[in-house]
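Visitor: Quick one: the structure is below, questions incoming.
The numbers here are math on the coordinates, done by the rules we state, and not lab data. Since we're looking at a predicted model, the values are computed, not measured. Every residue, glycine among them, receives a Cβ derived from its backbone with ideal geometry; neighbour counts consider all protein chains shown.
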Amino acid sequence: MSTAVLELRHLSKTFRGRGMAPVRAVIDVSLEIAAGECVALVGESGSGKSTLARLALRLIEPDAGEVILRGQSLMRLRGGTLRRARRGIQPIFQDPAASFNPRRTVRGLLSQAIEGAGRERAGDAELAELLAAVMLKPASGYLDRYPHELSGGQRQRLAIARALAPRPAVIIADEPLSGADVSIRAQLLNLLIDMQARRGVGYLLITHDMHVARAFSHRIAVMYRGRIAERGPTESVLAAPLHPYTQQLLAVVHSLDRPPRDATAKPVGSAAGAGCGFHPRCPLASETCRKLEPTLRELSPGHSAACHHAASREGGGDPIQSQPQRIPGIIAC
Amino acid sequence: MTGAAGGGAILEVHALHVTYESAGRTVHAVQDASLSVAEGEAVGIAGESGCGKSTLARVLLGLVPARIAQIRNGRIAIGGVDVTGFAGRDWERVRGQPVAIVFQDPLSFLNPVMRVGDQIGEAVRRHDPAATVPARSAELVDLVRLPRSALRRYPHELSGGMRQRVMLAMALGCRPRLLVADEPTTALDATTEAEILTLLRELRRELGMAMLLISHDLGVLRWNCDRIYIMYAGHTVESGATAEVLSHPAHPYTRGLAAAARLARLPDGHFAMIGGDVPRLERPARLCPFLSRCDAAMARCHEAMPPASPAGANGHRARCWLVAPAHREAI
C-alpha cells in the first residue's frame, strides 16, 4: 500500500535472559497503517502485541526488520534525528498515571510534548485548543493542576491530548481503554474518531476488547504467539473468521446480545515446537499442522490467514452483532 | 428493592447506608442499597467505578475496619443472621461459611512466599477441621480444574488465570453457600476470562452454590446471572431478571449504560455515551442521584427522591419517576 503512513516490515524480536529459554516475542510481522486508518491488533496476553507496539515506537530494537514512517526508515536514524522523527508516532499507554511526570502541571506536560517536537514555544491558546479537543474545558481550570488532581477519565483524556500535541501521523495505543468504565470508553473512542476525521491520524489500537475492535477499526490483525494468525477488513474477519484461533476468540466474547460459548481451559505450557504454533489448541490440527509452519496467505481480498485448513472452510458467522453503520463513513465526514 | 427471593434468602441487604471517614471528610459510598440473593441463585451487581459496588461487597463480610467504614443505616442478614452490628471475631460466624469472597487481584491476596498447596491446606484446616488436608486439597484443585502439580508451585509461577483458580479453590474449601465474586475476571484477557466464567457456571451447577457477581461488564453479567441490580452513586436504581432489565431498561442510567456497552452509534457517527460526571458523594442525595445527567428529567425529579416501583415483568423494579405510580396517574 503506497499510502501507508506507518509500515512495519518483517519485524522480529527474541528476548534472551540468562538461564532461561529465549522467548520469541515477535516473529516476522509485517503491518501497514494508512492515514486516517485504524488497525486493531488483538490477541491474548503474551501474544506479542505490546512488544510489537514497542518495536514500532522504537522503544526497543528489533532483531530484524524495519519501521518506516512516511516513507522514511527509522532504523538508520540516530540521536536527535531519531528523536524528532519518532515524534511522528505517539504512544498512549494503558495506565496514564504511570506515564506522567507527577511533578509537572498539565501546562508543563503539554508544553514539553509540543516543544520537544522541535516546534516553537506553546502559547496558552494552543494548549487550550488541545485541552478543548479532549473535553477538558475550560483550560484555565486544568492548566495549573497536577496529574494526581485529575480523575482517571480526565487523566486518560490528558494522555490523548499529550499524544496529539506533536501532531503525529500515527498513534499507537496499547490497551488505552481497558479498565475504563463503558461510558468513559465511549467518550475516549469519540475523541479518537474526531482526531481521525480532523487530522487524519492513523491508529494502531492494541486491545483484547472485541467490541472495540469491531466498532472502531477498519482492519483487524490477530496475533498468536508472536505471529500474525489472521488479518483483514474488520467486517470480513468478524463475519467470516478464517483462522481457528480467531474463531475461538470470537466465540467467547460476552456481548449483551449473544451468549458466549463455553470455554475449556487451554493446555498449559504446551511448547508447540515445530509446525503451527496453534496446533496444541486447534480442533482441526492434522499431521501437516504438527510438522509445517503455515504461512500467511491471502484467501479473499485483503483477508489473509496463516492456517493450512483455512482455504477449505467457510466462516463461522459473526458472533458479535454486526454494526449497521461502519466506520468508513467517519473518514468521509 | 428486594427482589423475588422465593425460598430462603442466603443474603438480604435492606436500605444500607455506609460512609467512609478520611482526613475529616465523609464520603457516602453506599447510600440506599437493597438486595437479596436466594439459595442457589446467581445475582449480579453492575455499576461503574465509584458507584459503591465493591464497598458493598466488603461491608457484607466486615472486611472494612469499623473506624474507616461505618454502617449508618440499614440492615444486612446472612443466612438469616443479622450481621449489621458484628464486630471483631463475630464475623468468623459467617466468613468462609456460609459466605466466601474472591477478588479481582489474586496476587495481593495470596502469600508470595508460601506454596499454593500450603495456602489451600491452611484454608481447609481452618474451615473444614474434619477433612484430611492433603486429600481435600487435591479434591479442591481438581474441582477448579488445576493440575495437581500446581500445589507445589508458588503464586508467581502461575498465570493470572491459574492464580484466580487457586483463590477460588481456597474459597470453595470453606464449602460456602454463597460466593461473592468482586470483578473476578477484570484483570484477565478475554480467553482466560471466558474460562473462569465457564468454570464458575459449572461449579455453581455442581455445588448448588449461590453467587453474587460484581462487575462493570454488562456482557459478563448478562450470561452469568439470573437477576441483576444496577448501582449508581451508592443507590440500587434498577433490578430484576437479567434479560428483562438489560433488554428493557427502565431507568435512564441503565439505558445509557447498555447503549455504551453495546457501543451504539448516534446519527452523527459518534458512540452513545453518558454525558456529565458522577455526583460527589460528600452528602447523601435528597433527589435522584442521576438527575444532573438525565435527559428524561422532569419537574417531579426536582421535588423528591423517586421510590422503587414496578417497571416490568419478573419482578423488574426501578427507582425512577418515569415508572413511579404517582407519575403514571398524573399522565
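Visitor: On a 0 to 90 degree scale, rounded to 10, what angle separates helix B:116-127 from the longest Cα axis of chain B?
Guide: 80
Visitor: If you don't mind, another one. Could you pull out every residue, at least 5 positions away or on a different chain, whose amide H is within less than 5 Å of the one on A:A40? Hs are placed 1.01 Å off N in the peptide plane, and Pro or chain starts have none.
Guide: Excluding prolines and chain starts, which carry no amide H, the hits are A:L205, A:H218, A:R219, A:I220, A:A221.
Visitor: Turning to a different aspect of this structure: Taking beta carbons within 10 Å but only from partner chains, what does the mean come to for residues A:186-196? Can you show the working numbers first?
Guide: Values: counts 13, 6, 2, 5, 7, 1, 0, 4, 2, 0, 0.
Mean shielding count: 4.
Visitor: Of the residues A:P147, A:P260, A:P244, which exhibits the maximal mean-square fluctuation in a Gaussian network model of chain A defined by a 10 Å Cα contact cut-off?
Guide: Highest fluctuation of the listed residues: A:P260.
Visitor: Let me have the relative contact order for region A:98-167, percent, based on Cα pairs under 8 Å that are six or more residues apart. Write out the running numbers ahead of the final one.
Guide: Details: 68 pairs, mean separation 30.0, N = 70.
So the answer I get is 43 percent.
Visitor: Hey, another quick one. How many Cβ atoms of partner chains, on average, are near each residue of B:215-223 if near means within 10 Å of its Cβ?
Guide: Numbers: counts 1, 4, 5, 4, 10, 3, 2, 7, 6.
Rounded to a whole number, the mean comes out at 5.
Visitor: To continue, here is another question. Given the options B:L158, B:L178, B:L257, which has the most mean-square fluctuation in a GNM of chain B, springs set between C-alpha atoms less than 10 angstrom apart?
Guide: B:L158
Visitor: Quantify how much of the Cα-Cα distance distribution of chain B extends past 36 Å, in percent.
Guide: Working: 11693 of 54615 pairs.
Distances greater than 36 Å cover 21 percent of the Cα pairs.
Visitor: Run the helix sum for chain A: -39,500 (n - 2.57) per DSSP H stretch of 4+ residues, divided by residue count, reported at 222 nm to the nearest 500 deg cm²/dmol. It would help to have the intermediate numbers written out before the result.
Guide: Values: 12 runs with 103 residues, N = 333.
Using -39500 (n - 2.57) per qualifying helix, the result is -8500 deg cm²/dmol.
Visitor: First check a/c for region A:154-195, with a ≥ b ≥ c the square roots of the eigenvalues of its C-alpha gyration tensor; if it is under 1.5, answer rounded, and if not, answer prolate when a/b is larger than b/c or oblate otherwise. Walk me through the numbers on the way to the answer.
Guide: Details: a/c = 1.83, a/b = 1.74, b/c = 1.05.
In terms of gyration-tensor shape, prolate.
Visitor: Mind sorting B:R152, A:R162, B:R286, A:R18 by how few other Cβ atoms lie within 10 Å of their own Cβ, fewest first?
Guide: Details: B:R152 11, A:R162 23, B:R286 8, A:R18 4.
Ordered from fewest to most neighbouring Cβ atoms within 10 Å, B:R152, A:R162, B:R286, A:R18 come out as A:R18, B:R286, B:R152, A:R162.
Visitor: For region A:182-228, just say rounded, prolate or oblate: build the C-alpha gyration tensor, square-root its eigenvalues into a ≥ b ≥ c, call rounded for a/c under 1.5, and beyond that prolate if a/b exceeds b/c, oblate if not.
Guide: Numbers: a/c = 2.84, a/b = 1.51, b/c = 1.88.
It is oblate, given that a/c is not under 1.5 and a/b is not larger than b/c.
Visitor: For chain A, state what percent of all Cα-Cα pairs lands in each successive 10 Å bin, counting from 0 Å until the bin that includes the largest distance.
Guide: 5, 24, 33, 24, 11, 3, 0
Visitor: Around B:H235, which amide H atoms from residues at least 5 apart in sequence, or from another chain, sit under 5 Å from its own amide H, with H modelled in the peptide plane?
Guide: Here the answer is B:Q31, B:D32, since their amide H atoms fall under 5 Å of that of B:H235.
Visitor: So, one more: Amide H neighbours of A:A263 under 5 Å, counting only residues 5+ apart in sequence or on other chains, H built in-plane at 1.01 Å?
Guide: B:T198
Visitor: Additional query: Rounding to the nearest 10 and keeping the result within 0 to 90°, find how far the Cα-based axis of helix A:124-133 lies from the longest principal axis of chain A.
Guide: The helix A:124-133 is inclined about 40 degrees to chain A.
Visitor: In the neighborhood of A:T246, defined by Cβ-to-Cβ distances under 11 Å, what is the net charge if each Lys or Arg adds +1 and each Asp or Glu adds -1? Please report the intermediate quantities before stating the final value.
Guide: On the way: positive: A:R231; negative: A:E230.
Result for the neighbourhood of A:T246: 0.
Visitor: Once you sort the root eigenvalues of the Cα gyration tensor of region B:237-287 as a ≥ b ≥ c, which label holds: rounded (a/c under 1.5), prolate (a/b larger than b/c) or oblate (the other case)?
Guide: Working: a/c = 3.19, a/b = 1.24, b/c = 2.57.
Since a/c reaches 1.5 but b/c is at least a/b, the shape of region B:237-287 is classed as oblate.
Visitor: Whole-Hz ³J(HN,Hα) for each residue in region B:27-32, computed from phi via Karplus 6.51 cos²θ - 1.76 cosθ + 1.60 with θ = phi - 60°, x for glycine and proline: what do you get?
Guide: Taking θ as phi minus 60°, the curve returns 10, 8, 5, 10, 10, 7 Hz for region B:27-32.
Visitor: Something else about it: Give a residue-ordered list of calculated ³J(HN,Hα) values for region B:200-217 (Karplus: 6.51 cos²θ - 1.76 cosθ + 1.60, θ = phi - 60°; whole Hz; x for Gly, Pro).
Guide: Those phi angles translate into 4, 4, 5, 4, 5, 5, 5, 9, x, 8, 7, 9, 10, 9, 9, 7, 8, 9 Hz.
Visitor: Per-residue Cβ counts within 10 Å, from other chains only, averaged over A:247-260: what number is that? All intermediate terms of the calculation are to be shown ahead of the outcome.
Guide: Numbers: counts 0, 2, 4, 1, 2, 8, 4, 14, 6, 13, 5, 3, 2, 10.
Whole-number average of other-chain Cβ neighbours for A:247-260 is 5.
Visitor: Please turn the phi angles of region A:65-79 into ³J(HN,Hα) values with the Karplus equation 6.51 cos²θ - 1.76 cosθ + 1.60 (θ = phi - 60°), one per residue in order, whole Hz, x for glycine and proline.
Guide: x, 9, 10, 10, 10, 6, x, 10, 6, 7, 6, 9, 7, 9, x
Visitor: For Cα pairs less than 8 Å apart in space and 6+ apart in sequence, what is the mean separation divided by the residue count of region A:1-64, i.e. the relative contact order in percent?
Guide: Values: 86 pairs, mean separation 23.9, N = 64.
Averaging sequence separation for qualifying contacts and normalising by length gives 37 percent for region A:1-64.
Visitor: Take region A:98-167, drop everything but the C-alpha atoms, weight them equally and run the Debye formula without solvent; then report log10 I(q)/I(0) at 0.12 Å⁻¹ to two decimals.
Guide: For region A:98-167 at q = 0.12 Å⁻¹, log10 I(q)/I(0) is -0.25.
Visitor: Here is a further query. Note down the relative contact order for chain A as a percent, whole number, built from C-alpha pairs under 8 angstrom at least six residues apart.
Guide: Values: 596 pairs, mean separation 65.1, N = 333.
The normalised contact order for chain A reaches 20 percent.
Visitor: Determine, at each q value in 0.06, 0.09 (inverse angstroms), the log₁₀ of I(q)/I(0) that the Debye formula gives when each Cα of the protein assembly as shown is one equal point scatterer.
Guide: -0.36, -0.84
Visitor: For q values of 0.12, 0.14, 0.21 Å⁻¹, compute log₁₀ I(q)/I(0) with the Debye formula on a Cα-only model of region B:14-110, without solvent.
Guide: Values, matching the q order: -0.40, -0.55, -1.28.
Visitor: Let me ask you something else. If one takes the longest principal axis of the Cα atoms in chain A, at what angle in degrees, from 0 to 90 and to the nearest 10, does the Cα axis of helix A:182-199 lie?
Guide: Taking Cα atoms only, the helix is inclined about 80 degrees.
Visitor: Where is the GNM fluctuation largest for chain A (alpha-carbon springs, 10 angstrom cutoff): A:V253, A:V201, A:V170?
Guide: Comparing A:V253, A:V201, A:V170 in the GNM, the peak value goes to A:V253.
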